[in-house]
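Here is the structure we will look at, set down as structure tokens.
The values are calculated or read from the model by the stated rules, or taken from the named source; none is laboratory data. All values derive from a computational prediction rather than experimental measurement. Backbone-built Cβ (ideal geometry, glycine too); neighbour counts: all protein chains shown.
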Amino acid sequence: MKYDIEIVDRIGGGDSFSAGFIYGCVVKKSYEAAVRYGNAFSALKHTNPGDFNWATLAEVEGLLKGKSLRVAR
């Protein structure tokens, strides 16, 4: 899946991918899910400043379902 994002900070994107990948392997028990969660976690991380990913699991799963990365109010 391709995400159209505005990169705020690249630091921590790889770590976030790894966290999402591990989550997909352990919880979803699927390598396909692992890659999808890794990509989504990393994409969301790039939209936040600093090296910590503040994205919630609900935000990641919403992104995987096709929701926008834009702020929803």
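Of everything in the range 1-19, what is closer than 14 Å to residue 54 by Cβ and not acidic (Asp, Glu)? Give them in sequence order. If the condition is that a residue be closer than 14 Å to residue 54 by Cβ and not acidic (Asp, Glu), then 8, 11, 12, 13, 16, 19 are the ones that fit. Consider the range 28-51 and keep the residues that are farther than 17 Å from residue 63 by Cα and in contact with a helix residue (DSSP H, G or I) (Cβ under 8 Å, 6 or more places away or on another chain). The one that is modelled with the lowest pLDDT is 51. Quick one: in the range 34-60, of everything that is assigned to a helix (DSSP H, G or I) and more than 8 Å from the chain's Cα centre (by Cα), which residue is surrounded by the fewest Cβ atoms within 10 Å (Cβ to Cβ)? Here the answer is 58. Scanning the range 4-17 for residues that are more than 10 Å from the chain's Cα centre (by Cα) and under 13 Å from residue 37 (Cα atoms) turns up 14, 15. Is it the case that residue 11 is touching a Gly at 6+ places or on another chain (Cβ under 8 Å) and among the aliphatic types (A, V, I, L, M)? The answer is yes for residue 11. Residue pairs whose Cβ atoms lie under 7 Å apart, sitting 6 or more positions apart in sequence or on different chains, and linking a residue in the range 17-42 that is touching a residue at least 12 places away in the same chain (Cβ under 8 Å) and farther than 10 Å from residue 64 by Cβ to a partner that is surrounded by 20 or more Cβ atoms within 10 Å (Cβ to Cβ) and of a type in the set (Asp, Glu), do not occur here.
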